[in-house]
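Bear in mind these aren't lab numbers, they're just calculated from the coordinates by the rules spelled out. All values reported here derive from a predicted model rather than from experimental measurement. Here the Cβ positions follow ideal geometry from the backbone for every residue, glycine too, while neighbour counts run over all protein chains shown.
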Amino acid sequence: MNPKRAYAIFLRQVFLLRGSPTRLFQIFVWILLDIVLWGFITQYLNNVAAATFSFVPVFLGAVVLQNFLTRVQQGIAVAFFEDVWSRNFLNVFASPIRVSEYLTGLVSTSIVTSAIALVAMMLLASIVFGLSLISLGAILIPFLLVLFLFGVALGIFATAVVLRFGPASEWFVWPIPMILAPFVGIFYPIATLPSWMQAISYALPPSYVFEGLRAVILDDRFSADLLALGVALALLYVALAYGLFQLVYRTVIRRGLIARYSAETLS
Amino acid sequence: MIEAEPHVLEVRGLKKTYGSITAVDDVSFAVRRGEIVGLLGPNGAGKTTIINMILGVLEPTDGSIHIEQLTLRQNRTQVLTRTNFAAVYAQMPGNLTVRQNLHIFGLIYGVKNLKRRIDEVLREFELERFANTRCGVLSSGEQTHAGLAKALINMPRLLLFDEPTASLDPSSARIIRSKIKAHGQRERIGILWTSHNMHEVTEVCDRVLFLSRGKLLLTGNPKTLPEEHGKGDLEELFIAIAREPLSLKQRRLR
């Protein structure tokens, strides 16, 4: 691993973000709209539901964390797409760069963009709706770590699919977090789901985050074992996604798909 | 004398098949340091396929590629650090400036004293006034200059050019040819050059390899090869190979 080559991939994204306000704008616009929408929904629910708990940390907190996961995944995907859109694959992959260095560069970019997004969401949620995730203290860090690792795994998986099937498969990347959302218990306990959906839930690391945070907020109960399981699962998914990307890379090299990437051939 | 120089590139028994189609069939050749070798042939002859295999973006079905005595397959990162390329179909990203692109590729290729090296290649290809211009708004000729600056950023031992002057006017193309030739001789770079401009090939190349339907048919000095095969010039020879490759092969065997 040569850190300079990974840094080159990261620096390219920094140059692009610095040179184009529209790229910066897309980091904020959807997540801030989501916070505003769910912020008012939770306020309304607090007024009409007469619940024994506040909906703000349970719902709005969950929306912040779900959006963080989405930003991590899309941070990797968008950085990868920059090479697709500018037809830069041949220049990049005909160079000495290794797959591990390329992916490290993409993940580094995602760390920065998702951190910016997280800070913006937490600020807006705190200033406008009085949600203070920071008040959870250090316990928030491992929960964020699980979401970050799983977001990395999803991002690498999505880029592997696009690398294999060509630019037309780009649409596949965007709905992945939404497809997983019903299973991971963002707004409701996993026990609410039918048993077949619960089986899928327990295989997904974010389930442990949302279940764990609900337990902390509502019952003041923290399960380190479940969180450790979430971390272990997330690490497993990162390893599997990395393995898949390596496999796809070897396939596209064998079949010459990088050299004729725009042809989108499946041969 | 080029003959005394060591091989910078050695290709042995290279083969690439896609199912039942054979794109490159048992091709072997070498390029010495300081030598410019023209890889010629009609469209679909296998030139770009060979270049892609040397660049490590296409895996050969059989055969091996050695760059400075190191096998590409086992030493990909090491050998590609000493290699670079420019191709008419692989321009630098248009959404970054020339300097930014050179900075990125300089880091990827592990260039030492990068800032100084960027200034050198900008000067060499008369790109100083475009250094802070995005590549996408350059003219095609200027983009070619930028691509060549990228190709030389790491002071490669082996350079691959796939029709590097295809988008240039005759005057600019001549200037670029002389720059590349002078640079190659000064730095003792081995260069593999594909082109459909036979005048260019005659002017630049020390040796040419003629490919047809994935096979290597002829090799020799571009200035003497046409006469050896009863043709007036390289273009005539090219047309003969493109139209009747078998007749030339039989003639060569006799």
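Run the simple label-point estimate for A:Leu236 and B:Thr133 please: 7 Å along Cα→C-beta, distance reported in nm.
Going from the A:Leu236 label point to the B:Thr133 one covers 5.6 nm.
Sort B:Val57, A:Val146 so the one with the fewest other Cβ atoms within 10 Å of its own Cβ comes first. Mind showing how you got there, number by number?
Details: B:Val57 21, A:Val146 26.
Listed from fewest to most nearby Cβ atoms, that is B:Val57, A:Val146.
Estimate the FRET efficiency between B:Lys115 and B:Thr22 by the formula 1/(1 + (r/R0)^6), using the beta-carbon distance for r and 51 Å for R0, to the nearest 0.05.
On the way: r = 47 Å, r/R0 = 0.92.
About 0.60, to the nearest 0.05.
What is the distance in Å between the Cα centroid of region B:64-110 and that of region B:172-244?
24 Å
Could you tell me the calculated FRET efficiency between A:Ala191 and A:Ile134, based on Cβ-Cβ distance and R0 = 25 angstrom, to the nearest 0.05?
E(calc), rounded to 0.05, equals 0.30.
Considering just Cα atoms, how many Å³ per residue does the convex hull of chain A enclose?
138 Å³
Considering only DSSP beta bridges whose two residues both sit in the protein assembly as shown, what percent are antiparallel, to the nearest 5?
Here the antiparallel bridges make up roughly 55 percent for the protein assembly as shown.
Listed here are the pairs A:Lys4/B:Lys150; B:Lys179/B:Lys231; B:Lys16/B:Lys231; B:Lys181/B:Lys223; B:Lys150/B:Lys181; B:Lys115/B:Lys150; which of them are more than 25 Å apart at the Cα?
Details: A:Lys4/B:Lys150 17 Å; B:Lys179/B:Lys231 30 Å; B:Lys16/B:Lys231 31 Å; B:Lys181/B:Lys223 16 Å; B:Lys150/B:Lys181 17 Å; B:Lys115/B:Lys150 13 Å.
Over 25 Å apart, Cα to Cα: B:Lys179/B:Lys231; B:Lys16/B:Lys231.
Using a 10 Å cut-off on Cβ to Cβ distances, tally the other chain neighbours for every residue of B:103-113 and report the average as a whole number.
For this peptide, the per-residue mean of nearby foreign Cβ atoms is 6.
Between A:Ile141 and B:Glu126, how many nm apart are label points set 7 Å from Cα along the C-beta direction?
5.9 nm
What distance in nm lies between label points placed 7 Å from Cα along the C-beta direction at B:Glu203 and B:Ser64?
For the pair B:Glu203/B:Ser64, the computed spacing is 3.9 nm.
Which angle from 0 to 90°, rounded to the nearest 10, does the C-alpha axis of helix B:114-124 make with the longest principal axis of chain B?
So the helix axis and the longest Cα principal axis differ by about 60 degrees.
Rank these for me by crowding, A:Trp174, A:Trp196, A:Trp38, going from fewest to most other beta carbons within 10 Å.
Ascending number of Cβ neighbours within 10 Å: A:Trp196, A:Trp174, A:Trp38.
What is the calculated FRET efficiency for B:Arg73 to A:Arg23, with r their C-beta to C-beta distance and R₀ = 41 Å, to the nearest 0.05?
0.60
Size of the dipole of the protein assembly as shown about the Cα centre, Lys and Arg at +1 and Asp and Glu at -1 on the beta carbon, nothing else charged, in debye to 20?
Around 980 debye, computed over the protein assembly as shown.
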